[in-house]
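Have a look at the structure below, then the notes.
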Amino acid sequence: MSIVSAKHSVWRLNDALALYDDGRRKARVDLHHPGAGLHDWRTSGEAGSAARLLGVDLGEVAADELSLPESYARVDDLVATYRRTASRPFRLQAYWRHVELAAGGACGDVSAFDLEVSINTDLLDTRPTVDVVSTLGPATVVRAADERMLLVRPVDADWSYVEIAHPADDCATRIDARHGTTEVRRTLFGRFLEKGVIVRARLRGALVPRTHEEAAAGTLREALLSAPLPLTT
């Protein structure tokens, strides 16, 4: 599996509602409620329809908190900027980025996407954290030794969800499986944030065929590790 450039836009933005279509699956992102992440999944077989993936948990975000002039869709990228508030003492920018894959092999039916979170503040003494949440139905979770890579196998599905945290980023992982729901919560950052400095963290998620899950997961991880940090603002 190799990574190639997308040839057409996978995003369509209508006010604060973004529609994602990678040619295999469709989903939505509500920029006024980013905690739901990519949700309302659709395919011809409804695979993944209950999943809420790579949501940025900011609590309930009022419409006037979203900096709409800095929210846009561009080919592979969906970008939303959230201003500093009294309860959230930092500016946050979320990039949901489609990852285009070469056809064939283990990647014949993979939908892959990255989330890059950037924060900065004008305060002198902060140690902010941001939670990224993925929620699925009943599932078995297979963890790598360091929990940077997780393989989530939903019950009664022919697909799995792979989530990978970049090893260069601060990330604590919690998994909560109860009441028929499997939640993966990643807490990013947490160190002292110097005034004016931008810090970033990256996560990769993918819906992969169950029959090729391990091969696809390994290749996705290696591609993430070898990818340069995108230059964003």
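The values are calculated or read from the model by the stated rules, or taken from the named source; none is laboratory data. Keep in mind that this is a model prediction, so the values were computed, not measured. Glycine gets a Cβ as well: all are built from the backbone with ideal geometry, and neighbour counts include every protein chain shown. Side chains included, ligands, DNA and RNA excluded: accessible areas come from the protein's heavy atoms. Shrake-Rupley method; radii C 1.70, N 1.55, O 1.52, S 1.80 Å.
Data for the structure
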quantity	calculated
Residue list for segment 190-214, filter: over 14 Å from the mean Cα position of the chain (by Cα), buried (at least 16 other Cβ atoms within 10 Å of the Cβ) and either basic (K, R) or outside any helix (DSSP H, G or I) (or both)	L193, V199, V208, P209
Identity of the residue in segment 50-87, within 17 Å of the chain's Cα centre (by Cα) and exposed (fewer than 14 other Cβ atoms within 10 Å of the Cβ), that ends up modelled with the lowest pLDDT	G59
Residue in segment 144-160 that is without any contact (Cβ under 8 Å) to a residue 12 or more places away in the chain, over 19 Å from the mean Cα position of the chain (by Cα) and closer than 22 Å to R25 by Cα present	yes
Some residue of segment 124-131 being of a type in the set (D, E, K, R), in a strand (DSSP E or B), open to solvent by less than 50 Å² (accessible area, probe 1.4 Å) and in contact (Cβ under 8 Å) with a residue 24 or more places away in the chain	yes
Pick from segment 165-189, criterion small (G, A, S) and not in a strand (DSSP E or B), ranking: surrounded by the fewest Cβ atoms within 10 Å (Cβ to Cβ)	G180
